[in-house]
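The values are calculated or read from the model by the stated rules, or taken from the named source; none is laboratory data. Since the model is a prediction, treat every value here as computed from it, not as a measurement. Every residue, glycine as well, gets a Cβ built from its backbone with ideal geometry; the counts of neighbours run over all protein chains shown.
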Amino acid sequence: MSIALVILAAGKGTRMESDLPKVLHKIGGAPLLHHAMLSASALEPERTIVVTGHGAELVEAAAQEFDADAIAVRQTEQLGTAHAVAQARDALNGFEGDVIVLYGDTPFITTETLEQMIAARAAHDVVVLGFEAADPGRYGRLIMDGTSLSRIVEFKDASDEERAVTLCNSGVICADAATLLELIAAVGNDNAAGEYYLPDIVGIANGRGLTATAVTCREAETLGINSRMELAAAEALFQQTKRRELIEDGVMMQAPDTVFLSFDTIIGRDAEIEPNVVFAPGVTIESGARIRAFSHLEGAHVSRGAIVGPFARLRPGAELAENVHIGNFVEIKNASIDEGAKVNHLTYIGDAEIGARTNIGAGTITCNYDGVMKHKTIIGRDTFIGSNTMLVAPVTVGNEAMTATATTVTKDVPDGAMAIARTEQSNKPGFARKLFSMLRAKKAKQAKG
Ligand code: UD1
Ligand code: MG
C-alpha cells in the first residue's frame, strides 16, 4: 500500500512567543518538523506534503532539507485543520493509496503506532489515533460505539456528557486519499470556532455508510508543543527516552541525567560516557570508546578505543581513528587524526591531517585562518610536535619528523627532519637577583609614602 503524508504546519504558534515558526523549534537538535517527518519516514511515503502558512518560506526550506522531494503547499488563511488538508488536494493528484495526516508540532508519534493505524485500515475506511488523557482538557473527544468510532466532538462544541469522555483525539488520521478528499469537501464550519474541523470527517463518513475506528497510543506519544515550557518538557522527555535506549543497547553512563544527546547520536556498545557530556547533532561513537567528563561533540566520529576529554571539544569534521587520545582543553575541527595519535593538552587542530602515532605537544596551534581563507596543515606519521608549536598553514610536516618547542613552522618540514625556529637564549648572570631587589625596594618606597 502506498502512503502519502500530509503534515500540518501552518499554525502560528502564538504561545511560543517567538519569531521562529513553531515547528522549527528544536528537540534533540532537530526541528519539531523533522521529528514528525522522521517517524513517518520508515513507512517510505511516496509523497510528503507539508502545509505551511506562518513563516512558510522557512518551514518549506526545513522540510526540503529533511527530504528534497517534500512538497510544500501554502495555506494562506488558517481556517481549520480540514481546510489545511484540503490545500494538499493538487499535490495528491494521481496518488492512489492511504494518506496519513500528522501535525508538525507533534514530534513523538512512533513508527509502530503509524503501522498499527495502517493495519487497522484493512477493516475501516477512516482510522483515527486516540489516547486516554490523564487530563482531557480541551482535546477533541472520541465518541465510540463498541469498536467503531461514531464521531469526534471538539471540546468547544461538546455537551457535559461528551466532555466527560477521556478518550481523546491526537489529530492523526489515516484514510484512502480519494475518500479523505471527498469527506473533507463535505466539512462545514458551522461550529463554535467557525473553523473547518478535520475530525468532522468521522461523523460524515459514518453518515455515508463508511466505517471508522480508533487506534490508541500512550499519551506521551501525542504530546504537542504550544509553549516554551512545553518545549522544554518535551526536550526532557526526548533526552530520557534516548538515554534509556542507548543504555539498554549497552552504553555505559554513570550519570545519564547529565548527558545530552541529539536525535541522531549513535553510540556503540561498551562505549563509556562520563558525566556532563553534550552530543550536538552528527556524532558517532564506536564501541569501547570513552568520552570523558565535560566534553562537547558535534559532527564528529570517534573510533574504537579512542579517549576524548575531559574538557575536549570536537567540532564538525573531527574524525578520530582507533586508539586516538584527545585530552583536556583540546579543540579539533575538520581534521582527521590517525590511529594511535595523541593530542593531549591545550591545543587547536583545525583543517588538518595528523598521521598515525604522531604526538602533538601541549599548546600547539594550527594557524589555519589568515583572516580571509582557511588553509590546511598536514602532519605525517610517527612525528613529534613540540609544545607550543605554531603551524602556519598551508604547511606540511613529514613522517618521523620533529618540531622543537615553541617553533613557528612556516616552511614544510621534510621526513625525518627537525624544525627549530625561535630566538636563541642568552643568560645574564646575576641579573634576576638584581632586578628582584630593585623592584622590592620600589614597592617598599611606595608603601611608605
Ligand atoms: C486539534 C483537533 C482536536 C485534537 C487536538 C490534538 C481539530 C479541529 N481539532 O485541535 O480534536 O484533540 O488537535 O492536539 O482538528 N493547523 C493548520 N492550519 C489550520 C489549523 C491548524 O496547519 O488552519 C495545524 C496547526 O499548526 C497544528 C495542527 O494543525 O499543527 C492542529 O491545530 P490546532 O489549532 O493546534 O488544533 P487544536 O485546536 O489543538
Ligand atoms: Mg493544538
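Give the residue, chosen from 307, 332, that is surrounded by fewer than 24 Cβ atoms within 10 Å (Cβ to Cβ) and of a type in the set (Val, Ile, Thr). Just a single option satisfies the conditions, and that option is 307.
Any residue at all in region 427-442 that's more than 38 Å from the chain's Cα centre (by Cα), modelled with pLDDT of 95 or more and surrounded by 12 or more Cβ atoms within 10 Å (Cβ to Cβ)? Spell out the reasoning first.
Taking region 427-442 first, the residues more than 38 Å from the chain's Cα centre (by Cα) are 427-442.
Of the ones still in play, those that are also modelled with pLDDT of 95 or more are 427-442.
If we keep only those that are surrounded by 12 or more Cβ atoms within 10 Å (Cβ to Cβ) too, we end up with none.
Checked region 427-442: no residue is more than 38 Å from the chain's Cα centre (by Cα), modelled with pLDDT of 95 or more and surrounded by 12 or more Cβ atoms within 10 Å (Cβ to Cβ).
Of everything in region 74-106 that is buried (at least 21 other Cβ atoms within 10 Å of the Cβ) and β-branched (Val, Ile, Thr), the residue that is farthest from ligand 2 (Cβ to nearest atom) is 99.
Here residue 280 clears all of (1) over 21 Å from residue 393 (Cβ atoms); (2) surrounded by 23 or more Cβ atoms within 10 Å (Cβ to Cβ) except the condition numbered (2). Each residue in region 208-257 was checked for being in contact with a strand residue (DSSP E or B) (Cβ under 8 Å, 6 or more places away or on another chain), more than 16 Å from ligand 1 (Cβ to nearest atom) and in a helix (DSSP H, G or I), and 6 of them qualify.
Hey, which of the strands (runs of 3 or more DSSP E) in region 111-196, taking only ones fully inside, have at least 1 residues that are over 14 Å from residue 216 (Cα atoms) and touching a Pro at 6+ places or on another chain (Cβ under 8 Å)?
Working: elements: 126-132, 141-145, 148-153, 167-176.
In region 111-196, 148-153 are the strands (runs of 3 or more DSSP E) which contain 1 or more residues that are over 14 Å from residue 216 (Cα atoms) and touching a Pro at 6+ places or on another chain (Cβ under 8 Å).
In the condition set (1) buried (at least 23 other Cβ atoms within 10 Å of the Cβ); (2) within 19 Å of residue 188 (Cβ to Cβ); (3) of a type in the set (Gly, Ala, Ser), residue 150 is compliant with all but (1).
Only one of the numbered conditions (1) among the β-branched types (Val, Ile, Thr); (2) in contact (Cβ under 8 Å) with a residue 12 or more places away in the chain; (3) surrounded by fewer than 20 Cβ atoms within 10 Å (Cβ to Cβ) is violated by residue 247, and that is (2).
A quick yes/no check of all residues on (1) closer than 21 Å to residue 310 by Cα; (2) assigned to a loop (DSSP other than H, G, I, E, B); (3) modelled with pLDDT of 95 or more; (4) not aromatic (Phe, Trp, Tyr):
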site: 330; (1), (2), (3), (4): yes, no, yes, yes
site: 335; (1), (2), (3), (4): yes, no, yes, yes
site: 348; (1), (2), (3), (4): yes, no, yes, no
site: 353; (1), (2), (3), (4): no, no, yes, yes
site: 362; (1), (2), (3), (4): yes, yes, yes, yes
site: 371; (1), (2), (3), (4): no, yes, yes, yes
site: 381; (1), (2), (3), (4): no, yes, yes, yes
site: 387; (1), (2), (3), (4): yes, yes, yes, yes
site: 399; (1), (2), (3), (4): no, yes, yes, yes
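From the list 234, 220, which one is under 21 Å from residue 112 (Cα atoms), of a type in the set (A, V, I, L, M, F, W, C) and loosely packed, with under 15 Cβ neighbours inside 10 Å?
Details: 234 fails: loosely packed, with under 15 Cβ neighbours inside 10 Å.
Just a single option satisfies the conditions, and that option is 220.
Among the residues of region 19-47, none is identified as modelled with pLDDT under 95 and within 16 Å of ligand 2 (Cβ to nearest atom).
Determine if region 282-292 includes at least one residue that is more than 20 Å from residue 356 (Cα to Cα) and hydrophobic (A, V, I, L, M, F, W, C). So far as region 282-292 goes, yes, one or more of its residues are more than 20 Å from residue 356 (Cα to Cα) and hydrophobic (A, V, I, L, M, F, W, C).
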